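**Student:** Mind having a look at this structure? Questions to follow.
The values are calculated or read from the model by the stated rules, or taken from the named source; none is laboratory data. This one's a predicted model, so the numbers in the text were calculated from it and none came from an experiment. Because the Cβ atoms are built from the backbone with ideal geometry, glycine has one as well, and the counts that use them run over all protein chains shown.
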Amino acid sequence: MNNQPQTQPPKNDVFQYDDSIVKKFIIATIGWGFVALLVGVILASQLANWTFNLDLQWITFGRLRPLHTNAAIFAFAGNAIFAGIYHSSQRLLKTRMFSDVLSKIHFWGWQLIIVSAAITLPLGITAGKEYAELEWPIDILIALIWVIFAINYFLTLKVRRERHIYVAIWFYIATIITVAILHIVNSLAIPVGLFKSYSLFSGVQDALVQWWYGHNAVAFFLTTPFLGLMYYYIPKVIKRPVYSYRLSIIHFWALVFIYIWAGPHHLLYSVLPEWAQTMGVVFSIMLLAPSWGGMINGLLTLRGAWDRVRKEPILKFFVASLTLYGMATFEGPLLAFKSVNALAHFTDWIIGHVHSGVLGWNGFMIFALLYYCVPKLWKTKLYSDKLATTHFWVATVGIILYIMSMWASGITQGLMWLGLEDGRLMYPDFVETVTKIIPLYYVRLVGGLLYLSGYILMIYNLVRTIASAPKNQQPISYSAPPLQKVEHDHNTGESSHRWLEREPEILTILVIVAVAVGSVIEIMPSLTSHKFVAQETTKKPYTALELAGRDIYIREGCYTCHSQMVRPIKAEVLRYGPKSELDDSIYDHPFQWGSRRIGPDLARVGGKYPDIWHFRHMEDPRSMAPGSIMPNYPWLLKNNLDYGILEKKLRVMQTLGVPYSDENAEHALEDAKAQALEIGKNLDPSIDAKKISKKEIIAVIAYLQSLKAQESHEPSHGETKQGH
Amino acid sequence: MNDNQSNNSNANAKKDIEQNKKAKDSSSIILEDEKDIVLDHNYDGIKELDNPLPKWWVNMFYLTAIFAVVYTGYYHFSSGHLIEDSFQKSMIVEIKEDSDSSTAMASVGFSEEHASIDEGASLYTSRCAACHGQKAEGIIGPNLTDSYWLNGDGTNDSIYNVIKVGIPEKGMISWEKLLNPSQISSLVLYIQSIKGTAPANGKSPQGTLFE
């Protein structure tokens with residue numbers, strides 16, 4: 001199409017944008033956002049009052065929490081990103097999307113993924129890695145749909161009529177490329193069945209990959225695409241030029257290069273080698289300026305239009321969104337300091353931090369986008385500006401209550417956990433540190449309810465807006481000349497970045513290089529080290545029964561409340577036992593170090609309490625630990641354990657390098673049954689040992705009792721129950 | 001390639017284009033002092049200014065980079081600051097403390113000096129009741145109100161010792177690190193004070209009778 005002779009002025013192409021795909025994604029955003037917030041409110045109520053778990057396995061906190069996070073990130077933010085990308089890219093590139101069919105596959109495929117997530121997560125089908133809980137068939141579907149999206153997008157770039165690509169597009173490209181890499185690497189696993197797989201990595205390696213993914217899901221799913229949206233919608237709405245082109249170049253490349261290194265700040269004081277931890281810290285601190293570069297470029301674009309912020313709700317959302325982005329990206333580096341992290345890690349402070357990001361930065365940006373796009377696309381006026389303003393204030397008060405209560409509760413937890421007096425714990429009872437913050441959980445619940453109420457106002461407002469749209473709308477046609485081929489001529493005085501902006505393929509390659517550098521330098525040494533895999537350890541693998549229990553632990557989402565990482569901090573060692581070592585999780589596919597302590601750490605719980613204690617505690621936690629907010633798990637006493645699959649599980653673990661002998665695998669069933677009967681007999685004379693030994697609870701007890709420190713000098717321990 | 005619908009109503013399309021153009025011309029408000037720095041960029045009406053990087057922002061960036069080097073140096077290139085080192089140090093301090101003052105007290109064992117039944121009662125409810133029952137009637141752990149003892153002989157020193165070191169093989173943890181000596185003594189006093197209360201649903205006697 002570019003072969004016309006250069007002398008002739010090109011004839012304009014006439015074309016239309018595909019706005020129906022944008023409308024689809026917008027409606028999906030509105031719907032899924034409601035689900036994500038509603039589930040969040042339910043979870044908040046469960047923490048304030050445990051009875052809201054209703055003793056139902058499908059809605060118990062541990063299973064519902066992954067649904068909340070996945071819905072908020074991938075369904076609410078995800079659909080909004082796609083709506084914004086499809087809407088803005090077509091206009092920025094002066095072309096319709098390359099293929100309507102691919103766009104539609106992308107849309108329906110993504111909704112299918114979300115529906116599968118909404119079904120499988122409450123059923124306990126989970127890979128057990130935070131923000132990547134979906135099991136392997138869904139993971140494959142995600143990869144496929146993402147690749148289709150990428151193909152459609154890059155082919156759209158190919159047929160564009162705008163020579164240079166705008167900064168928003170750079171951010172979209174970084175998103176598309178990096179999310180694909182992160183998702184594929186972190187989801188590598190070997191299936192045991194259709195609904196169960198074991199992560200390819202274990203222990204510290206799995207942790208490193210997971211948080212490289214987890215942190216960069218924040219970076220490349222919740223930050224870069226939103227910066228792209230900001231760069232399009234803020235100048236569009238206020239009709240002001242972007243403050244600084246140069247700033248956008250510098251902060252884009254700095255952000256893309258630096259973000260990828262910051263993941264290990266989620267693993268401070270863990271058994272991750274300390275040099276990698278330090279890299280995580282310093283790169284987090286260096287992220288401050290690149291993040292703020294986006295914020296100030298947005299805020300300074302409002303120069304001369306500040307009076308309009310008072311009147312226009314959309315601008316209010318933009319300003320609050322950017323401000324909360326600035327706050328969260330200041331808080332992030334602060335939390336990454338080792339000394340601050342010692343206090344804040346595992347506490348509610350982190351929960352407050354992510355919510356200022358998602359409710360504030362992402363949520364408000366999405367609301368601005370919706371209030372702008374819906375009237376525009378449906379060719380009508382917003383039903384009520386007043387309602388939108390009310391939405392803004394209600395949501396803002398909600399966020400403030402949420403963040404403040406989580407700060408207070410997080411710092412309270414941190415201080416109580418670490419508090420020492422005369423070399424002893426000041427609050428040795430973990431429950432005491434929980435009951436103390438319950439009032440704050442109620443405040444958080446109110447914050448969440450306000451945010452949800454504001455959201456409902458928005459739904460009403462937008463539905464009324466759409467209802468008022470004129471019928472039989474004609475699509476608008478646009479015209480632009482096709483791109484002419486230009487000789488690659490550097491002598492025109494064009495800057496090299498300006499040149500790069502008309503070579504999206506090269507820009508894409510540079511983005512890949514930028515994210516690869518940090519990834520390779522930080523992750524490869526640990527992934528290739530023999531120290532971190534089975535070869536040099538004396539640790540015995542889990543027995544078949546313990547492994548079965550571990551899978552139930554994962555299924556129930558225990559990791560959403562319990563960590564398994566005793567940090568090398570005096571108060572932790574006093575509270576939990578010997579600090580965690582590399583070997584402890586060396587066979588853990590996936591690792592279960594966790595990121596929260598709503599309940600106590602469990603890495604050393606083995607042997608601390610008798611079997612019957614765990615039995616009673618799972619049935620009714622408050623009978624053993626008055627004041628506990630843990631849900632009841634009555635179904636573990638009723639469900640029969642699937643003994644049949646144990647051999648298969650051990651075989652898969654064998655392929656992953658866990659040193660089970662063939663004999664171990666062949667005898668998995670008998671061994672497990674024998675161990676279960678032993679535990680059953682141990683419980684209480686009033687409990688029928690034979691009957692109870694068939695139940696899932698026994699496997700869970702076996703697993704929990706296996707969580708203990710390795711004996712450092714181990715020669716004659718042939719008779720322990722882990723005796724394989 | 002998606003232009004097939006647009007051929008039919010060219011006239012209509014042109015009108016739309018005109019309107020569109022009008023909208024675009026007014027789309028960017030340029031302030032007086034910005035006229036010289038508007039770049040020749042136009043993306044769907046979006047213009048860009050050639051403002052320099054804010055100085056304070058650039059300085060902040062440099063500062064964080066310098067800080068990164070210093071921080072890394074502090075932890076990795078000067079001795080004794082690694083997490084493991086400071087952890088070991090903090091644990092050594094603890095052992096010293098113990099050998100000076102508090103173990104001196106602990107080694108005495110039971111002592112009535114700072115103990116009180118009231119403190120013992122509240123400690124009992126929060127720490128012991130889960131296994132021994134709210135009324136010490138015995139649940140997982142034995143009944144503490146009768147005169148039968150599984151471990152030791154029911155004297156103050158013996159009960160003190162059981163609480164202190166625990167009976168790990170039966171599931172009772174050592175409370176030495178969680179309770180200080182006077183708290184353990186308070187518990188002993190409380191347990192002695194409820195002897196013979198014979199609560200309802202009491203667990204039947206276990207162990208040896210000591211009168």
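**Student:** Tell me which residues, restricted to region A:325-371, are more than 29 Å from B:Phe87 (Cα to Cα), of a type in the set (A, V, I, L, M) and under 19 Å from the mean Cα position of the chain (by Cα).
**Tutor:** Once the filter is applied, which keeps residues that are more than 29 Å from B:Phe87 (Cα to Cα), of a type in the set (A, V, I, L, M) and under 19 Å from the mean Cα position of the chain (by Cα), region A:325-371 yields A:Ala328, A:Val354, A:Val358, A:Leu359, A:Met365, A:Ile366.
**Student:** Looking only at region A:584-607, count every residue that is within 14 Å of chain B (Cβ to nearest Cβ) and either acidic (Asp, Glu) or touching a His at 6+ places or on another chain (Cβ under 8 Å) (or both) and tell me the total. Before you say what the answer is, go through the steps one by one.
**Tutor:** Taking region A:584-607 first, the residues within 14 Å of chain B (Cβ to nearest Cβ) are A:600, A:604-607.
Okay, now just the ones that are also either acidic (Asp, Glu) or touching a His at 6+ places or on another chain (Cβ under 8 Å) (or both), so A:600.
Counting residues in region A:584-607 that are within 14 Å of chain B (Cβ to nearest Cβ) and either acidic (Asp, Glu) or touching a His at 6+ places or on another chain (Cβ under 8 Å) (or both) gives 1.
**Student:** Can you pull out every residue in region B:46-82 that is at the interface with chain A (Cβ under 7 Å from one of its Cβ atoms) and in a loop (DSSP other than H, G, I, E, B)? Lay out the reasoning, then the answer.
**Tutor:** First, the residues of region B:46-82 that are at the interface with chain A (Cβ under 7 Å from one of its Cβ atoms): B:46-54, B:57, B:60-61, B:64-65, B:67-68, B:71-72, B:75-76, B:82.
Correct list: B:Lys47, B:Asn51, B:Pro52, B:Leu53, B:Pro54, B:Leu82.
**Student:** When the residues of region B:151-169 are narrowed to those that are under 29 Å from the mean Cα position of the chain (by Cα) and under 18 Å from B:Ile140 (Cβ atoms), which ends up modelled with the highest pLDDT? Talk me through it step by step, then tell me what you get.
**Tutor:** The first filter runs over region B:151-169 and keeps only residues under 29 Å from the mean Cα position of the chain (by Cα), leaving B:163-169.
Adding the requirement that they be under 18 Å from B:Ile140 (Cβ atoms) leaves B:163, B:166-169.
Working: B:Ile163: 92, B:Gly166: 87, B:Ile167: 85, B:Pro168: 73, B:Glu169: 72.
It comes out as B:Ile163.
**Student:** Restricting to region A:124-156, name every residue that is farther than 22 Å from A:Asp206 by Cα and in contact with a Gly (Cβ under 6 Å, 6 or more places away or on another chain).
**Tutor:** Scanning region A:124-156 gives a single hit, A:Ile145.
**Student:** I'm checking my understanding of the structure. Among residues of region A:688-705 that are in contact (Cβ under 8 Å) with a residue 24 or more places away in the chain and surrounded by fewer than 21 Cβ atoms within 10 Å (Cβ to Cβ), which one is nearest to A:Gln564 (Cα to Cα)?
**Tutor:** Looking only at region A:688-705, we keep the residues that are in contact (Cβ under 8 Å) with a residue 24 or more places away in the chain, and these are A:692, A:694-705.
Narrowing further to those that are surrounded by fewer than 21 Cβ atoms within 10 Å (Cβ to Cβ): A:692, A:694-695.
Details: A:Ile692: 27, A:Lys694: 27, A:Lys695: 25 Å.
Per the stated criteria, the residue is A:Lys695.
**Student:** Yes or no: A:Lys236 more than 25 Å from A:Tyr131 (Cβ to Cβ) and crowded, with 22+ Cβ neighbours inside 10 Å?
**Tutor:** No, not satisfied.
**Student:** Taking into account only those residues within region A:608-647 that are under 18 Å from A:Cys561 (Cα atoms) and among the small types (Gly, Ala, Ser), which is nearest to the other protein chains (Cβ to nearest Cβ)?
**Tutor:** The residue in question is A:Ala625.
**Student:** Going through A:Ala83, A:Ala127, A:Ala132, A:Ala117 one at a time, which residue ends up being in contact with a Leu (Cβ under 6 Å, 6 or more places away or on another chain) and more than 14 Å from every other protein chain (Cβ to nearest Cβ)? Walk me through how you get there before you give the answer.
**Tutor:** Values: A:Ala83 fails: in contact with a Leu (Cβ under 6 Å, 6 or more places away or on another chain); A:Ala127 fails: in contact with a Leu (Cβ under 6 Å, 6 or more places away or on another chain); A:Ala132 fails: in contact with a Leu (Cβ under 6 Å, 6 or more places away or on another chain).
None of the others qualify; the one that does is A:Ala117.
**Student:** Something else about it: Just need a number here: residues in region A:663-687 that are surrounded by 18 or more Cβ atoms within 10 Å (Cβ to Cβ), free of Cβ contacts under 8 Å to residues at least 60 places away in the same chain and of a type in the set (A, V, I, L, M).
**Tutor:** Total satisfying the criteria: 1.
**Student:** Do you know which of the residues in region A:196-231 that are touching a Gly at 6+ places or on another chain (Cβ under 7 Å) and within 14 Å of another protein chain (Cβ to nearest Cβ) is farthest from A:His183 (Cα to Cα)?
**Tutor:** A:Met230
**Student:** Shifting gears a bit: Is one or more of the residues making up region A:419-438 surrounded by 19 or more Cβ atoms within 10 Å (Cβ to Cβ), within 29 Å of A:Ser321 (Cα to Cα) and of a type in the set (Val, Ile, Thr)?
**Tutor:** yes
**Student:** Residues A:Phe107, A:Phe74, A:Phe149, A:Phe154: which one is of a type outside the set (Asp, Glu) and over 30 Å from A:Tyr198 (Cα atoms)? Please lay out each step first, then the result.
**Tutor:** Details: A:Phe107 fails: over 30 Å from A:Tyr198 (Cα atoms); A:Phe74 fails: over 30 Å from A:Tyr198 (Cα atoms); A:Phe149 fails: over 30 Å from A:Tyr198 (Cα atoms).
Going through A:Phe107, A:Phe74, A:Phe149, A:Phe154 in turn, the sole match is A:Phe154.
**Student:** In region B:139-173, what residues are of a type outside the set (A, V, I, L, M, F, W, C), outside any helix (DSSP H, G or I) and more than 12 Å from every other protein chain (Cβ to nearest Cβ)?
**Tutor:** Result: B:Pro142, B:Asn143, B:Thr145, B:Asp146, B:Ser147, B:Tyr148, B:Asn151, B:Gly152, B:Asp153, B:Gly154, B:Thr155.
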